[in-house]
């Protein structure tokens, strides 16, 4: 049977937030800007044709994006006990840049923690626990397996159009705490993703002063993180298992890069 027949009638759900100037983003990273550099009519070809083009300025951790393993260090070392100072320069990382991320095409599992608590959106600053993740598995009748990409539903995508709330200025951001991060590691996940800028819980008034989940996943376990995903539609469909296609831009030496994840749902 042709491979393509398996996708007859399949539904594809886009899990990326739209990128535009002024969108919510972490204060730790350069802001996204897009301007039209050449407009239609600025240059007209002899046959009457014309074209427009743009200049895009962005950091690697803006919009929906994947964190490279070289993004975070602890006590001077990145994943694999590699000294951070020895692999970085103005030209980027010589190890663990985002171009080393192997495109992920595999099982995605959505754990809807907001639904476990009977709400559309978890409260700001809520810490997702291992008990929450276990309860989300039971609710969806699904089990996380080694090599899965696990997405944690907090409902925070719904706050995208409220920038100060989305970034946590109004009381923090919900997300997994250190215990939940270790739960993910113990279950052998290949990728962990969520709807918020920092993936992990941001406590009220703390900002991004400490990010222990990043340390556990990136530095200690070598698990890539996907941040600022748009999970609203997927959560609304109530689908817990799907084919996830995840392929960030292969910017050589970059610590992260934008991505447009796709969830492919069986017919």
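The values are calculated or read from the model by the stated rules, or taken from the named source; none is laboratory data. Keep in mind that what you see is a predicted model, and the values were worked out from it rather than measured. Counting neighbours? That spans all protein chains shown, and the Cβs are built from the backbone with ideal geometry, glycine included.
Pairs are defined by a Cβ separation below 7 Å, a sequence spacing of at least 6 or placement on different chains, a first member in region 2-19 that is part of a loop (DSSP other than H, G, I, E, B), and a second member that is modelled with pLDDT under 80 and loosely packed, with under 13 Cβ neighbours inside 10 Å; the pairs so defined are 8/267; 9/267; 10/267. Determine whether region 145-160 contains at least one residue that is surrounded by fewer than 20 Cβ atoms within 10 Å (Cβ to Cβ) and either modelled with pLDDT under 95 or outside any loop (DSSP other than H, G, I, E, B) (or both). Checking region 145-160: at least one residue is surrounded by fewer than 20 Cβ atoms within 10 Å (Cβ to Cβ) and either modelled with pLDDT under 95 or outside any loop (DSSP other than H, G, I, E, B) (or both).
Checking region 131-143 against the condition returns no match, with no residue being buried (at least 20 other Cβ atoms within 10 Å of the Cβ), under 18 Å from residue 229 (Cβ atoms), in contact (Cβ under 8 Å) with a residue 40 or more places away in the chain and within 17 Å of the chain's Cα centre (by Cα). Evaluation of residue 168 against the conditions (1) at positive phi; (2) more than 18 Å from the chain's Cα centre (by Cα) shows that the sole unmet condition is (2). Residues in region 183-211 that are within 17 Å of the chain's Cα centre (by Cα) and more than 16 Å from residue 150 (Cα to Cα): 197, 201, 202, 208, 211. May I ask you to verify whether residue 214 is modelled with pLDDT under 95 and either assigned to a loop (DSSP other than H, G, I, E, B) or closer than 28 Å to residue 20 by Cα (or both)? It is false that residue 214 is modelled with pLDDT under 95 and either assigned to a loop (DSSP other than H, G, I, E, B) or closer than 28 Å to residue 20 by Cα (or both). When you scan region 110-128, how many residues do you find that are farther than 20 Å from residue 166 by Cβ and either surrounded by fewer than 16 Cβ atoms within 10 Å (Cβ to Cβ) or without any contact (Cβ under 8 Å) to a residue 12 or more places away in the chain (or both)? Selection size over region 110-128: 1. Looking only at residues of region 74-96 that are surrounded by 15 or more Cβ atoms within 10 Å (Cβ to Cβ), touching a residue at least 40 places away in the same chain (Cβ under 8 Å) and touching a strand residue (DSSP E or B) at 6+ places or on another chain (Cβ under 9 Å), we find that the one that is farthest from residue 254 (Cα to Cα) is 78.
At least 3 residues being farther than 24 Å from residue 149 by Cα is the threshold, and among the strands (runs of 3 or more DSSP E) wholly inside region 33-105 those reaching it are 33-38, 53-57.
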